[in-house]
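Read through the structure below, which is laid out as C-alpha cells, and then see the notes.
The values are calculated or read from the model by the stated rules, or taken from the named source; none is laboratory data. The structure displayed is predicted, hence computed values, not measured ones. As a convention, Cβ positions derive from the backbone with ideal geometry for all residues, glycine included, and neighbour counts pool all protein chains shown. With ligands, DNA and RNA removed, areas are computed over all heavy atoms of the protein, side chains included. Shrake-Rupley method; radii C 1.70, N 1.55, O 1.52, S 1.80 Å.
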Amino acid sequence: MQFYDFKEIEERVILIGVQTEQDDDVAASLDELEELAATAGAVTVGKVIQNREAVHPGTYIGKGKIEEVAALLAAYDANGVICDDELSPAQMNNLERELDCKVMDRTLLILDIFAGRATTSEGKIQVELAQLRYRSARLVGLRESLSRLGGGIGTRGPGEKKLETDRRLIRTRISALKAELAQVEKHRELIRGKRTRGNLKTAAIVGYTNAGKSTLLNTLTGAGILAEDKLFATLDPTTRVLELKDGQQILLTDTVGFIRKLPHHLVEAFKSTLEEAKYADYIIHVVDASNPRAELQMHTVYETLRELGATGKKIITLLNKQDQVQGEALRDFRADYTVKCSARTGEGLEELKDVLAKLLAESQIYLEELYTYKEAGKIQIIREYGSLLSEEYREDGIFVKARVPAEIFVSVMPKSHK
C-alpha cells in the first residue's frame, strides 16, 4: 500500500462570495478572506463573486457559477474552495458533491487559525469548544470533504479528533469542556476581584485583528508577547502594569482581535476573554490607520463592543501605523480622545500616557494633609495606589499633596480628620 504525506500537498483554493446588497463590499471581504487563507497556509488562485438577491439555500451559489468555479478549479489545479459566509450543512454537502473538492467556509477557516494559535490551556479549551459546536451539526459533510486531502485547513486542533465520533459523544465532550471553562472563568473573576481590591484601574486594548495591539503592549510594557504581521497572531489575553510619569500605574490587557463576520461559535467560546473589555475601566481602541478599510474595521469593533455590553466607557482611539499612512487623515468621532501613533517606532505613545494620566486624575480626589510620623504607612498606600505629588517633612509630621482613588480616600485620611 502506498502512503502519502498530505502535509506536503499545497492547498490551492478558490474564494467565493455572494453580493446580496448594493453597499456590501464583497470584493474587500474576499481580500480579507485571502489574508485569512494565507495565515492558514493556503494559496488563493482565484476569486468568484456572484450577484444574487439572496444566497442559494441549497448550494450557496447558483448552477452557472458552480460550473464557472469547477472550470477554475481545473484550470488552476486548485484542490479546494472557501466561501465567505458560514455554510449550512446542506450547502456544504451539496457544494462538495457538485464541485468534487474540499469545501470550507469562513468560520471553519477562522477556527483553523485559532486552533493553530491557541497556546494556553484556556485558549485550547475555547477553540475545541468552538470547533465541536460548529462540527456537531456537520459531521457527515465534513467527514466526506476533509477526507479528500487527509489534512490541511480545517483539520487542525483538538476538535479534529472528534469528527469520527457520534453526536452523543460530542455532546458529552462539550459538557466537559463547558465545565472546564467555567472553572477558568471563575479563576479569571478572582483575578479581576484582586485587581479591583488593589484599586488599580484597567484599560482593555481592543481593535481589529492585525491593528497592532500586541506591538503596542510590547512597546509600552516590554510584555514580550508574539507580534506578527498576521491575522490573529495572538489569542490569549495578556495583562501588564504600565507605569506613568507621576508614579501612577494602570493595568493594560491585550484582547483577541475582532473581525467582520466573527463566527458566533467563537464569540460564545471566547466570551470570558472578550469580556476583558466589558469589565475594563477604559478602552484603548487600536486602529490600523494605514489600512484602506480602516473605517469599516472601526465600525466592526464598535459593533462588537456593543454586542459584548462594553459601552459607556471612556475610549482612546489610537490611529496606529502612522509611519505607513498615506492620503487623508482618519478620524474617529465616537472616541473621547484620539492619538496618532506608531506602536512600532514609539511615536505618539507619550501622548497616550498623558491621556491615561489625565483619565486617572479625573477619577481621583485631591488632598493636602498633615500626617503624624506614626501614620507614615498611609503615605505608602497613597504612593502605591494614588499619585504622591509632594511631601514635606515638618516637626509635627509629614505634609502631603496627593491624588488618591475615591475607593481608598477614607482609609488614608489622618486620624485628626476622623
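Quick check on Ile225: is it at pLDDT below 85, surrounded by fewer than 20 Cβ atoms within 10 Å (Cβ to Cβ), out of contact with any helix residue (DSSP H, G or I) (no Cβ under 8 Å at 6 or more places or on another chain) and of a type in the set (Val, Ile, Thr)? No. Residues that are in contact with a Pro (Cβ under 6 Å, 6 or more places away or on another chain) and either of a type outside the set (Asp, Glu) or buried (at least 18 other Cβ atoms within 10 Å of the Cβ) (or both): does region 80-93 have at least one? Within region 80-93, not a single residue is in contact with a Pro (Cβ under 6 Å, 6 or more places away or on another chain) and either of a type outside the set (Asp, Glu) or buried (at least 18 other Cβ atoms within 10 Å of the Cβ) (or both).
Can you find a residue in region 85-98 that is in contact with a strand residue (DSSP E or B) (Cβ under 8 Å, 6 or more places away or on another chain) and more than 30 Å from Ser175 (Cα to Cα)? Yes, region 85-98 contains at least one residue that is in contact with a strand residue (DSSP E or B) (Cβ under 8 Å, 6 or more places away or on another chain) and more than 30 Å from Ser175 (Cα to Cα). Tell me yes or no: at least one residue of region 264-271 is in a strand (DSSP E or B) and in contact (Cβ under 8 Å) with a residue 24 or more places away in the chain. No: region 264-271 contains no residue that is in a strand (DSSP E or B) and in contact (Cβ under 8 Å) with a residue 24 or more places away in the chain.
Can you pull out the residues in region 283-295 that are at pLDDT 90 or above and farther than 9 Å from Tyr208 by Cβ? Those that are at pLDDT 90 or above and farther than 9 Å from Tyr208 by Cβ: Ile283, Ile284, His285, Ala289, Ser290, Glu295.
The combined condition, being within 30 Å of Val287 (Cα to Cα) and either at pLDDT 90 or above or of a type in the set (Ser, Thr, Tyr) (or both), is fulfilled by Lys353.
Among residues of region 51-64 that are under 12 Å from Leu99 (Cα atoms), none has a Cβ under 8 angstrom from a residue that is aromatic (Phe, Trp, Tyr) and exposed (fewer than 11 other Cβ atoms within 10 Å of the Cβ) at a sequence gap of 6+ or on a separate chain. Close Cβ contacts (under 9 Å, 6 or more residues apart or on different chains) running from residues in region 331-349 that are of a type in the set (Val, Ile, Thr) to residues that are part of a strand (DSSP E or B) comprise Thr338/Ile316; Thr338/Thr317; Thr338/Leu318; Thr338/Leu319; Val339/Ile316; Val339/Thr317; Val339/Leu318; Val339/Leu319.
Among the residues of region 391-413, those that are open to solvent by less than 60 Å² (accessible area, probe 1.4 Å) and more than 23 Å from Leu360 (Cα to Cα) comprise Gly397, Ile398. Just a yes or no: is a residue in region 315-331 open to solvent by 60 Å² or more (accessible area, probe 1.4 Å) and closer than 16 Å to Val206 by Cβ? Checked against the condition, which is being open to solvent by 60 Å² or more (accessible area, probe 1.4 Å) and closer than 16 Å to Val206 by Cβ, region 315-331 yields no hits at all. Of all residues in region 18-55, those that are over 20 Å from Leu109 (Cβ atoms) and either open to solvent by 60 Å² or more (accessible area, probe 1.4 Å) or among the aliphatic types (A, V, I, L, M) (or both) total 7.
Looking at Tyr385, Tyr371, Tyr366, which one is exposed (fewer than 15 other Cβ atoms within 10 Å of the Cβ), among the aromatic types (Phe, Trp, Tyr) and in contact (Cβ under 8 Å) with a residue 12 or more places away in the chain? Tyr366 is the lone residue from the list that is exposed (fewer than 15 other Cβ atoms within 10 Å of the Cβ), among the aromatic types (Phe, Trp, Tyr) and in contact (Cβ under 8 Å) with a residue 12 or more places away in the chain.
Scanning region 375-410 for residues that are modelled with pLDDT under 90, part of a strand (DSSP E or B) and touching a helix residue (DSSP H, G or I) at 6+ places or on another chain (Cβ under 8 Å) gives Ser387, Leu388, Ala402, Arg403, Val404, Pro405. Give the residues of region 360-379 that are among the small types (Gly, Ala, Ser) and under 27 Å from Leu242 (Cβ atoms), sorted by residue number. The answer is Ala361, Ser363, Gly377.
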